[in-house]
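Novice: This is the structure I have questions about; it appears just below.
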Ligand SMILES: Cc1cc2nc3c(=O)[nH]c(=O)nc-3n(C[C@H](O)[C@H](O)[C@H](O)COP(=O)(O)O)c2cc1C
């Protein structure tokens, strides 16, 4: 489906069908009545690879010496044409902490909202040009503000996740992957939990855009990638976890 006319026809056929997959899902996730269930105490789960080396991340609010207004004005999706400078641990740590870390001013909740404080999302980092070893993938361990050094990966496999038009990905500093441990939400909210996860990925994604903007870094969201291949690179068990969203980060002079 390469030309615009085919795409337009495909979209209008979707809109006409009363039961395309997205509408079926939307209808299955409607709320029509509220049940008065017992109030349950839900534990917050943190995914951890206990046996792996942890890289401590600094986080320096002074690196973000800019107003919210300036961050908003600077925000845009940047597909860089030249190679990124190496991203430092200070930059990576500050970005991850203020996007996804624990907020001490708010009972150790996060810098983004989550339905029922279930926090189903996880973040992985694939370093291409950073102070970290660029041979391994990393998982962000929220309570310690650390990166857990996970598995070896091949750069070519990462480049092949994206279409030909995304060749610029070879230039970036790192790729962040937002995944969902979906049971955390589904257990509480059923089908509607899936809606919430996508919404939360948007909240977290916007934090990443705005914090990276404040750090004078460049960010670009990427929705078009090969899901299964990405899950393989990260050794994700799809029975419990799925990738949702990719963001490419870089820094230029
Ligand atoms: C859910 C989502 C998926 C996106 N997927 C891609 C993508 O696959 N490739 C890409 O180059 N940009 C992608 N983008 C970036 C959009 O193209 C970009 O946000 C849009 O053109 C508006 O530009 P701005 O972000 O600079 O304001 C995506 C953005 C969102 C929100």
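Each value in this text was obtained by applying a stated rule to the coordinates, not by laboratory testing. Model, not experiment: these values are computed from the prediction. Every residue, glycine as well, gets a Cβ built from its backbone with ideal geometry; the counts of neighbours run over all protein chains shown.
Novice: Taking the alpha-carbon centroid of each part, what is the distance from region 63-79 to region 126-156 in angstrom?
Specialist: 25
Novice: Here's another thing I want to ask about it. Which ordering of 55, 211 is given by a fewest-first count of other beta-carbon atoms within 10 Å? Write down the numbers at each step before the final one.
Specialist: Details: 55 18, 211 22.
Starting with the residue having the fewest Cβ neighbours, the order is 55, 211.
Novice: With labels modelled as points extended 7 Å from the Cα through the Cβ direction, what inter-label distance (nm, one decimal) is found for residue 73 paired with residue 29?
Specialist: 3.7
Novice: Here's a follow-up. Once the convex hull of the C-alpha atoms of the chain is built, how many Å³ does it hold per residue, rounded to a whole number? Walk me through the intermediate numbers first.
Specialist: Details: hull volume 40.9 nm³, N = 253.
Hull volume normalised by residue count: 161 Å³.
Novice: Shifting gears a bit: Going by average Cβ density within 10 Å per residue, which order do the peptides 3-13, 76-86 take, highest to lowest?
Specialist: The packing order, highest mean first, is 76-86, 3-13.
Novice: On alpha-carbon atoms, Rg over Rh for region 11-146 using Kirkwood Rh?
Specialist: Details: Rg = 20.3 Å, Rh = 19.0 Å.
With Rg and the Kirkwood Rh in hand, the quotient comes to 1.07.
Novice: Right, next: Where does each of 111-117, 181-187 land if you order them by average Cβ count within 10 Å, highest first?
Specialist: On the way: 111-117: 16.0, 181-187: 18.7.
Listed from highest to lowest mean packing, they are 181-187, 111-117.
Novice: Where in region 80-118 is the amide nitrogen less than 20 Å from a point lying 7 Å along the Cα-to-Cβ axis of residue 131?
Specialist: So the set is 84-102.
Novice: Once every DSSP H run of n ≥ 4 in the chain is given -39500 (n - 2.57) and the sum is divided by its residues, what mean residue ellipticity at 222 nm do you get, rounded to the nearest 500 deg cm²/dmol? Walk me through the intermediate numbers first.
Specialist: Values: 8 runs with 82 residues, N = 253.
The helix contribution divided over the chain gives -9500 deg cm²/dmol.
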